[in-house]
There are 2 protein chains.
Amino acid sequence: MCDYDDELYHERLPDVCGALGAKARSCCSTSTLKRMLPVYSWLPRYKPKYLIVDFVAGMTVGLTAVTQGIAYGAVAGLPPVYGLYSSFMGCFLYIIFGTCKDITVGPTAIMSMMIYPHVSGNPDYAVLMCFLSGCIILLLGLLNLGVLVRYISVPVTTGFTLAAALTVGSGQINNLFGIQSKSNDFLSAWINFFGHIQETRRNDAILGFGTLILLLIMRKLKDLPCGCRQLTKYLSLCRNVLAVIIGILLCYLLSRDTEELPFRISDKITPGLPPFRPPPFHTVDAEGQPLSFGDMLSHLGGAVATIPLLSILECVSIAKAFSKGKIVDASQEMIALGFCNLFSSFFSSMPITGSFARSAINNASGVRTPLGGAFTGILILLTLAFLTSTFGYIPKATLAAIIISAMLFMVEYETIAEIWRAKKRDLVPFVATALSCLFWSLEYGMLVGMAINALFILGKSMTPQFQLETQKHNGLELCLAELKGDVDYTAAEYLKTTTVAHVTEQTDTVRLMIIKGPEIRSIDATVALNLISLRDDLQLLQCELICWNWDIRAAGVICRLQRKARSMFWFTKSFTELLEMIAEGRNNKCDQIACDLSQ
Amino acid sequence: MCDYDDELYHERLPDVCGALGAKARSCCSTSTLKRMLPVYSWLPRYKPKYLIVDFVAGMTVGLTAVTQGIAYGAVAGLPPVYGLYSSFMGCFLYIIFGTCKDITVGPTAIMSMMIYPHVSGNPDYAVLMCFLSGCIILLLGLLNLGVLVRYISVPVTTGFTLAAALTVGSGQINNLFGIQSKSNDFLSAWINFFGHIQETRRNDAILGFGTLILLLIMRKLKDLPCGCRQLTKYLSLCRNVLAVIIGILLCYLLSRDTEELPFRISDKITPGLPPFRPPPFHTVDAEGQPLSFGDMLSHLGGAVATIPLLSILECVSIAKAFSKGKIVDASQEMIALGFCNLFSSFFSSMPITGSFARSAINNASGVRTPLGGAFTGILILLTLAFLTSTFGYIPKATLAAIIISAMLFMVEYETIAEIWRAKKRDLVPFVATALSCLFWSLEYGMLVGMAINALFILGKSMTPQFQLETQKHNGLELCLAELKGDVDYTAAEYLKTTTVAHVTEQTDTVRLMIIKGPEIRSIDATVALNLISLRDDLQLLQCELICWNWDIRAAGVICRLQRKARSMFWFTKSFTELLEMIAEGRNNKCDQIACDLSQ
């Protein structure tokens, strides 16, 4: 996916930062500063040669952002220009706080669809939601809750990427053919496409497919074994911008002599920059009645919780998808996203997050640092101020081709093959994530995948590493059990039934069961209760239970539960010593050797 | 809670059966027979002296079942007699298939509330639902899915019991005071009670409190240090039946000379046994139009899945609550519950499950074996046939006092104290379960508790047992890492960041990182990818990564992922040998020592 070395930006820095971050989160050292302001790490080492790449990528993303912004404003049920208002501030702030060079923050299809039912045509709700969303995400980030992202495994990320690429790409298929009708889901997009296929516009389809083929060829250009490598490399990088310029030129030239435009273009937008003002804490309803902050909150309802969470999930999963196994500092991503939303709300923005499509285009255009975002932001501001008429000429088919070609290279074919080779079982969360993302929803699908993956951990906790063997020492037949790792309540019954079954099978000759457990760090109340009940059950079978050399923490749980249970625990230097003490202790009832566990 | 020795019924049998069951589920031996038909284990050893206790308990439960049955029939939106139709078949079948002596199967408040919206006044839907529910539960039980009950820990069970006792007890507070208005939730019951407190009826309140005090005193009777222990013990056991007889007598005597009854009594019911007929697979709607099986299914909708699941959850959690740490064979419980529903549906029953209130009364009455259920069942049949008028005189206040006194001794005060002493952290799932059961719903509250408890396991999986130390051998500074237990994807980042941070802190003198891992059974694709990326990251720090003596299964995952990674794995007999080979191998690039991992 990423064709360029990223030694500048990723070069071991996020890893070390991540590791240190956990330790030194609160101390105000240079490393904390570097961590909280990633720009501090990369900007001093910025080289002029990166500028051209970042410029090209930023402009390419900017061109997409303009058109997508307009579309998403409409999706949210607001005047289209609100999509553009939402698009620029995130780009600027992410430069300072963001950790992933590829991510572009702005309005997305999912965020727009989420806010739509709460807006009722009044932009004030969307802007307030953006502000609240920013506050919540920032708070969660500062609380370092990004660590929870570790529950998103590689198979889940891969499944999400596959599904997201297919969904976003399929959403553009109608535009590629010049079909008016639109839909955002994978399935409905194709149903819609085949239902309206007879409405295909020849001009748009030719432009769309032509652009797509041109983009694919130009992507391969840099691999050509010719002398002028530098030139072909830059041509390859500029392919998206070239496609847009060709599209605008064609549209302009072919429409000079006629009233009608040759291709379908984006909707018209109102020119002018958004006003700078605090988010609205009160508004008026459709009848002009004033509504307080409380009224607005109750109107937004559950969205106050779900929109920030979906926003985080979308942004962090994109960061994970682009990190290619590098560690993502999710808390820092959340801080960045929080600031982006917070400040954007002062420019009449609706809730924003990382955009999968634009981040993919950014990556495919070879962006080197988050500085690319500056050019995207400037382009959007310029568009709002002066260029609404020029950018009005971007054919939708051109944009569809750019997005589809980015999506084709988004899918991590290699990782899918790796999962297949490494561990077949990991295909389950991958397939589950992909299918539920495709046929249900991108965010909930990811949660489904995470839940299914978590079931593996929970399932494994039912059967701890527990070995039982019967041994004979000096005529004394005893059963020695070894227990490794931690034991959770899910394993309590397994331990008990396995032990009782083993002792029962030994045809009543085993009089002693020894459980070794120096490596058990901790047990919970359920396991403790079950072990005490196991001792009672074994006593009925005339078998004594001894816990030998247990970790003091685990032993403490049982002894605090039942003082009498202290006699179960024996501590000796060697197994021979234990056997000797048992031989003596049997006569002396030497409970006193159980060390003091009262702490 | 249980005052009597249960050597007959629980005596180690379920434990051994449970352990063997997992192994020998499919073989048709005597142990399988014993397992599938628990009656086979206890009936041959049944002693005549148990009969009187079982009879008293069965009759006491029966008296409650009659009144509750009538109430729950009405709750489900059906003619009240359907509650009685649902009450007897489960009692008989549970004797044969049930594993828990205390459980009484029949209609419950929750099941009635669940079926209510799907019935629309037509009993055919309820009976079909009972049949379908039986089939589904039986199937799940035969598939041995009861093992999933291991995810219900002791703190969750204790929290559920506390909340259930409070909910069921609070639901009776209005009846105790003779207040007409009724509500089933904990909170709404008390709001309702204080809202209608001025409607308290003096007669009912006196009878209710008098009965309650009598019951509590009689419960203590058996502990009296007097000569006639046997007599006081039986008096103590019969206390609930005595209370009912006193209530009926008082009601009868006081109403002889007046038209009006002195106490509030249950609603009138239609006499007569239910017909035996297959469940209805077609019906007619309110307008008399015929409805097919498909129409009925689509009318029942999601309830076809939720009702069986809630039924299982309710029954198994009650079994767990009464087992006091003994192992519950949940699959067998499901088989029993499945048969109960299946056969009940032939007697016009609505969906049934284990009843918490009646099981508690059963236990408090000192039931010894499931045979008590036979007397309950016979009493209900007799009531239907002849006794509707007699049992019409049971005052509601008497029944409320019986239920409340059973609930008081249901709460596991001792276990709560044990959890507090053993492990404070386990109070979290306990409190979460109790609160969400009380203020949300009993079943969903239990799921909340299970989810929160599962988070402990998931949380712990983030930090595996991983120790790092720097050592010096023959001038070679190396970092030795020990990894114990399994490593899940959640730990992948922790391993990587910890290792990189440790190597970075060593001020660039460590050139070798050795990860010991003989005890790692398996790793997943995410961990494998992270280890490969860790090797690359360490190479940037001029440090080589060696995985020493890893389990072949874990090593295999990484090697299948990347053939080149085979050189990471070294296998030697001792650490000295490893150091020697490293010293030689460094010059010879001896990749060949990595054993063949292609399997």
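Is it fair to say B:Ile115 is in contact with an Asp or Glu (Cβ under 7 Å, 6 or more places away or on another chain), in a helix (DSSP H, G or I) and buried (at least 21 other Cβ atoms within 10 Å of the Cβ)? Judged against the criteria, B:Ile115 is not a match. For A:Gly178, the criteria (1) closer than 30 Å to A:Val56 by Cα; (2) in contact with a helix residue (DSSP H, G or I) (Cβ under 6 Å, 6 or more places away or on another chain); (3) in a helix (DSSP H, G or I) hold in every case but one, which is (3). In the stretch B:146-169, the residues that are assigned by TED's automatic domain parsing to the domain that holds B:Thr108 and modelled with pLDDT of 85 or more form Cβ pairs under 6 Å with partners that are assigned to a helix (DSSP H, G or I) and acidic (Asp, Glu), at six or more places apart or across chains, as follows: B:Pro155/B:Asp426.
For A:Pro351, the conditions (1) modelled with pLDDT of 80 or more; (2) surrounded by fewer than 22 Cβ atoms within 10 Å (Cβ to Cβ) all hold with the exception of (2). Go over the candidates B:Thr60, B:Thr64 one by one and state the one that is at pLDDT below 85, of a type outside the set (Asp, Glu) and crowded, with 21+ Cβ neighbours inside 10 Å. Answer to the check: B:Thr64. Scanning the stretch A:282-333 for residues that are within 14 Å of another protein chain (Cβ to nearest Cβ) and at positive phi returns A:Lys324, A:Gly325.
For the stretch A:516-530, the criterion of a residue being over 43 Å from the mean Cα position of the chain (by Cα) and β-branched (Val, Ile, Thr) is satisfied by no position. Looking only at the stretch B:324-354, residues that are over 19 Å from B:Met36 (Cβ atoms) and of a type in the set (S, T, N, Q) come to 5 in all. Among the candidates B:Leu309, B:Leu253, B:Leu261, B:Leu249, the residue that is surrounded by fewer than 17 Cβ atoms within 10 Å (Cβ to Cβ), within 22 Å of the chain's Cα centre (by Cα) and in the same structural domain as B:Ser355 (by TED's automatic domain parsing) is uniquely B:Leu309.
Is it fair to say B:Leu221 is at pLDDT 90 or above and of a type outside the set (Asp, Glu)? Judged against the criteria, B:Leu221 is not a match. Can you tell me how many residues in the stretch A:548-582 are of a type in the set (S, T, N, Q), without any contact (Cβ under 8 Å) to a residue 24 or more places away in the chain and within 12 Å of chain B (Cβ to nearest Cβ)? Total satisfying the criteria: 0. Please work out if B:Thr167 is outside any loop (DSSP other than H, G, I, E, B) and either under 25 Å from B:Ala57 (Cβ atoms) or under 17 Å from the mean Cα position of the chain (by Cα) (or both). Answer is yes for this residue. Checking each residue in the stretch B:546-556 for being modelled with pLDDT of 85 or more and either within 17 Å of A:Lys326 (Cβ to Cβ) or of a type in the set (Val, Ile, Thr) (or both) picks out only B:Ile546.
Residues being at pLDDT 80 or above, exposed (fewer than 14 other Cβ atoms within 10 Å of the Cβ) and assigned to a helix (DSSP H, G or I): count how many of those fall in the stretch A:565-599. Number of matching residues: 3. Among the residues of the stretch A:76-93, none qualifies, meaning not one is assigned to a loop (DSSP other than H, G, I, E, B), in contact (Cβ under 8 Å) with a residue 40 or more places away in the chain, of a type outside the set (Lys, Arg) and over 21 Å from A:Thr270 (Cβ atoms).
The values are calculated or read from the model by the stated rules, or taken from the named source; none is laboratory data. Treat the numbers as computed from the prediction; the structure is a model and nothing was measured. Here Cβ is always computed from backbone atoms with ideal geometry, including for glycine, and neighbour counts include all displayed protein chains.
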